[in-house]
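Asker: Got a structure for you, written out below as structure tokens; questions coming shortly.
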Amino acid sequence: KQLWNVGAPAALDMVVLNAGFLSILGMLGHIDQAAVAAHGVGLRVQALAFVPGMSVSQATGAMVGNALGAGNIDEARRVLRSGMALCMVIMGTLAALIITQAPFIIGLFNIDVNSNLGGYALQWMTLLGVCMPIVGVWVAFVGLFQGSGATKTSLHINMVATTAQIPASYILGFIVGWGTWGVWVAFPASFALKAAMGAVAYHRGGWAKTGINA
């Protein structure tokens, strides 16, 4: 029962996240098929860039669990601060590389940066690079919530942010008329919302009670 209570929300967390990804693809398909292809290119680069941050997040979760198991909330907070700083430094460095070397990276996929597809890929990858430090903050909080067993908190935040992101992408892309940029820009905005909500949940401290009582 304990495994289910902790694991099920974490699984649903990924379902919600992927629902957000699929909604973006659906909207891009109504604008330009080349944008769908560019989205895939960007996500492949992003997936590689996210690996170090997610590794730090998992390490943060393990160390937070150890600290709370010993009843040491202050140590858990120190772990989070260190994990968050490390995530931001690593992902910020990778973001700088992605932004400055985006034309070269796009060329590795045999895409002409001056083509329609290349233009979309450059736009999307630049946007992903800008949002990566913010994502670093969020993945550190994910480590905290998972390590303390407060996976329902992470799920709640993800559901709220994704619920906001989907209509925001539609409004900015189609109603406001920003096209692909509008559809895409709601994605990093949703991570900024997740990071802000994560900070609020962290300061409320419910995760610490969950971890100690687990």
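The values are calculated or read from the model by the stated rules, or taken from the named source; none is laboratory data. If you're wondering where the values come from, they're calculated on a predicted model, not measured in any experiment. Note: ideal-geometry Cβ built from the backbone for every residue, glycine included; neighbour counts use all protein chains shown. When the accessible area is computed, the model is the full protein with side chains, heavy atoms only, and any ligands, DNA or RNA have been set aside. Shrake-Rupley method; radii C 1.70, N 1.55, O 1.52, S 1.80 Å.
Asker: Mind running the shape call on region 1-103? Use the C-alpha gyration tensor, a ≥ b ≥ c as the square roots of the eigenvalues: rounded below 1.5 for a/c, prolate if a/b tops b/c, oblate otherwise.
Answerer: Verdict is oblate for region 1-103.
Asker: Taking 0.36 nm per residue of sequence separation and subtracting the Cα-Cα distance, how much length would be gained by fully extending the chain between L17 and V113, in nm to one decimal?
Answerer: So the extension gain works out to 31.6 nm.
Asker: Then there's this: Arranged from highest to lowest average of other beta-carbon atoms within 10 Å per residue, in what order do the peptides 147-155, 127-135 appear?
Answerer: Result, highest mean Cβ count within 10 Å first: 147-155, 127-135.
Asker: Next question, about the same structure. Put a dot 7 Å past each Cα toward the Cβ at I175 and M54; how far apart are the dots in nm?
Answerer: My value for the distance between the label points is 3.3 nm.
Asker: Let me ask you something else. Using the Cα gyration tensor of region 71-210, with a ≥ b ≥ c the square roots of its eigenvalues, what is the shape: rounded (a/c below 1.5), prolate (a/b larger than b/c) or oblate (neither)?
Answerer: The shape class here is oblate.
Asker: Could I ask something else about it? Mind jotting down the distance between the C-alpha centroids of region 96-159 and region 13-65, whole Å?
Answerer: 7
Asker: While we're here: So which lysines pass the test for K194, namely a Cα distance under 25 Å, with those fewer than 8 places away in the same chain ruled out?
Answerer: Answer for K194, where 25 Å is the Cα cut-off: K152, K209, listed by chain and number.
Asker: Just to confirm, what accessible area per residue do you get for the chain at 1.4 Å probe, in whole Å²?
Answerer: Value for the chain: 48 Å² per residue.
Asker: Mean Kyte-Doolittle of at least 0.5 plus a Cα span of 18 Å or more along the axis: flag which DSSP H helices in the chain meet both, please.
Answerer: 2-29, 33-69, 73-100, 116-148, 180-204
Asker: Sticking with this one: When the helix-only estimate is applied to the chain (DSSP H runs of n ≥ 4, each -39,500 (n - 2.57), divided by the residue count), what is the mean residue ellipticity at 222 nm, nearest 500 deg cm²/dmol?
Answerer: Result for the chain: -30500 deg cm²/dmol, rounded to the nearest 500.
Asker: A further question on this structure: So between M159 and A192, what do we pick up on full extension, going 0.36 nm a residue minus the alpha carbon distance?
Answerer: 10.5 nm
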